[in-house]
Every structure is written in C-alpha cells, then in structure tokens.
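Working notes, structure below.
The values are calculated or read from the model by the stated rules, or taken from the named source; none is laboratory data. What you see is a predicted model, and the numbers here were worked out from it, not measured in a lab. Neighbour counts are summed over all protein chains in view; Cβ atoms, including those assigned to glycine, are modelled from backbone coordinates with ideal geometry.
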Amino acid sequence: MYYPVIRPRRLRLSDNMRRLVRENHLQVDNLIYPLFVTGGRNIKTPVAAMPGVYNLSIDLLLEEVAAVQTLGIPGILLFGIPDYKDATGTGAYDENGIIQKAARTIKDKYPDILIITDVCLCEYTDHGHCGIVQDGDVVNDATLELLARTAVSHARSGADIVAPSDMMDGRVQAIRKALDSEGFTNIPIMSYGIKYASAFYGPFREAAGSAPQFGDRKTYQMDPPNAREALREAEQDIAEGADIIIVKPAMAYMDVIAAVREKFATPVAAYNVSGEYSMIKAAAHMGWIDEAKTAMELLTGMKRAGADIIITYHAPDAARWINSV
Ligand code: PBG
C-alpha cells in the first residue's frame, strides 16, 4: 500500500485553512467601473444586452457616482454618447462635449473619485471608425492630433487619467507631449496598449452607438491569435510614456495579461469587456450558472494572471460581494 507523503489536501480542509494560504485576493481597490453618459435630463436608457447597464444623463450619472463612491470603488471610466457626429469626431474635443460637461460636473461634486476618460473618436464620428478616414481606411498621423486635442480637453475638464483606446501608432507620445505642453504633466496615461479586434465588444457598440458603418477595426486593433506582438505594443507604449497598460478583452487573453505582467513593471489593467459581462448575465438569467460565483471566479482569475486593475461592468456588484464576505 502506497501512502502519499505530500498531501495538498491538508491545506484545503477548512475555510480558515484555505484563507490562510490564499494567494490572490480581489479587492474593491482594484476595480474601475465604466459608465455611459448621454445628454438631456432624467435619462436612463437600458442597454439591452447588458442588464444593469444604462446610458445615463449627467444628473443621474451623479447618483451613480455617489453609489460607486459609497462602495469604495476608486474610479470610473467614462464613455460619451454625443448629440452629434461628423467625419472628424468634433464632439470628442468640443469643450462643451458630453465628456467635458460630465467630467466638470462630477469633479465639482465628487472631487475624490478618479475620473478616467476613454480617448477615442469612434463614438463621435459618423462613420464609426476611431480616426479620420481616407480612401476607406483610418489615417494614422492625422488622427494623432485629434486624439491629443481630445485628451487635453478631457484633462482641462477634470479628468484624472486619460485612456486612449484608438490603437493608432504613436498616440501615447502625441498625447503625452500635448498634455505636458498644456501643463498637465501630472495626468497619467492609461493606454489601451493591447487591444484586440474582438467580437466581445458587440454589446458596447450597441450601448455607445459606435459600430463601424463600413468594414471593421482589423487594420488598427490587434489580431487575436497574436501574443508576441502584444509585448511589442506594450514596450512601445511604455517607451512613449504610458503609465498603465490595458489588456483588452480579458477572459480570452489571460496569457497576454500574464506575459505583460512578467515582462514589464508597469501596472497592468484587464478590461473585462461588454460581451464577457453579457455572457455571465445571460447564463445567470437562464439559471444555468451562479452569477456572483462565476463573475468573482473570472475577476479573481484576472488578478491571478497578473492584473493590478480590473475594469468591469460587474464593479458595483463585485464590491458588494467582496464587502459582504
Ligand atoms: C472605443 C472603445 C471600445 C471599447 C472601449 N473603448 C469599442 C471598440 O473598440 O469597438 C469596448 C468596451 C467593451 O466592449 O466593453 N474604441
């Protein structure tokens, strides 16, 4: 008869024993909550594929921010739904644009909560692409100037961190230079450095009305099978001055989160995107999975993979689940 000497089960025998040897903890400190802001008053439009997520007018957004602050979540990520769209995404860098107004109002009422703004043109262009389009494709260098203007106008309106999500080459450097020359040397750039051309953004595009009107985003967002290329993207963004690197989406890219964590000392954020949220919500709604347990397992998995920060639509629920343990 063989008796094992090493018995890993010894350290799993009770809840307290498991707590004692637990390696990773998802904390409320790690969470960022994305919010969609729209014009008008008293507007709360549900996003069909994302139960619990709404397009909110600024007055109702403030209530949400208050709730987020009470839960102890350190920051929000703002996406704007503008009143008008045009070829060059003017609404993105309009001093009276939706993000600019929302940021000023939040900063005024809740100065402590970190306001992170998504810097991109796709919600503001009539063609839905993330930059200026010429001959059927997004032109890189001309777009950089507009992204830089957008980032500066966000900072001027009270953004604490700017998060470029367009995937143009060189935009971190362009934004850093523009911020610095306007005196915003202390505003960090949280770069969507590693953003894949993913089918998991579907529900977001419904929420933000930002689906491309022709073609797709494959000429600027990354090809999902690639991982080494992610390290090149991260290296480039860090060299250009990125303070935090986002990997997006998260669930299908845990290896990429781990690889970036391993190679660079820069903080890493995982973006648990809209389609990932919708899958959990749908399966839970059908009674097929336990929402809290599966969501916490996924978010903790992102932490274990190496994410310091997790951007997730589950943030308020996750904070409640964490706080109630
Ligand atoms: C804008 C942007 C997108 C997301 C964040 N910023 C959509 C896209 O690239 O099409 C996706 C977020 C999500 O799916 O939750 N470029």
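The table below lists the values:
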| quantity | calculated |
| --- | --- |
| Some residue of the range 207-230 being more than 16 Å from the chain's Cα centre (by Cα), at positive phi and either of a type in the set (S, T, N, Q) or at pLDDT below 95 (or both) | yes |
| All positions within the range 290-307 that are buried (at least 17 other Cβ atoms within 10 Å of the Cβ) and in a loop (DSSP other than H, G, I, E, B) | GLY306, ALA307 |
| Strands (runs of 3 or more DSSP E) contained in the range 1-59 and holding at least 1 residues among the small types (Gly, Ala, Ser) and either away from the ligand (no atom under 16 Å from the Cβ) or in contact (Cβ under 8 Å) with a residue 12 or more places away in the chain (or both) | 54-57 |
| Qualifying positions in the range 188-218 - touching a residue at least 60 places away in the same chain (Cβ under 8 Å), more than 11 Å from the ligand (Cβ to nearest atom) and touching a helix residue (DSSP H, G or I) at 6+ places or on another chain (Cβ under 9 Å) | ILE194 |
| Total residues in the range 266-289, condition assigned to a helix (DSSP H, G or I) and within 16 Å of the ligand (Cβ to nearest atom) | 9 |
| Leading residue by the ranking (surrounded by the fewest Cβ atoms within 10 Å (Cβ to Cβ)) among those in the range 155-180 that are closer than 27 Å to THR105 by Cα and within 14 Å of the ligand (Cβ to nearest atom) | SER165 |
| Residues within the range 124-140 that are assigned to a loop (DSSP other than H, G, I, E, B) and touching a residue at least 24 places away in the same chain (Cβ under 8 Å), tallied | 9 |
| SER157 vs. criteria touching a Cys at 6+ places or on another chain (Cβ under 7 Å) and touching a residue at least 60 places away in the same chain (Cβ under 8 Å) | no |
| Any hit, the range 101-110, residues being within 11 Å of the ligand (Cβ to nearest atom), more than 20 Å from ALA234 (Cα to Cα), hydrophobic (A, V, I, L, M, F, W, C) and crowded, with 24+ Cβ neighbours inside 10 Å | no |
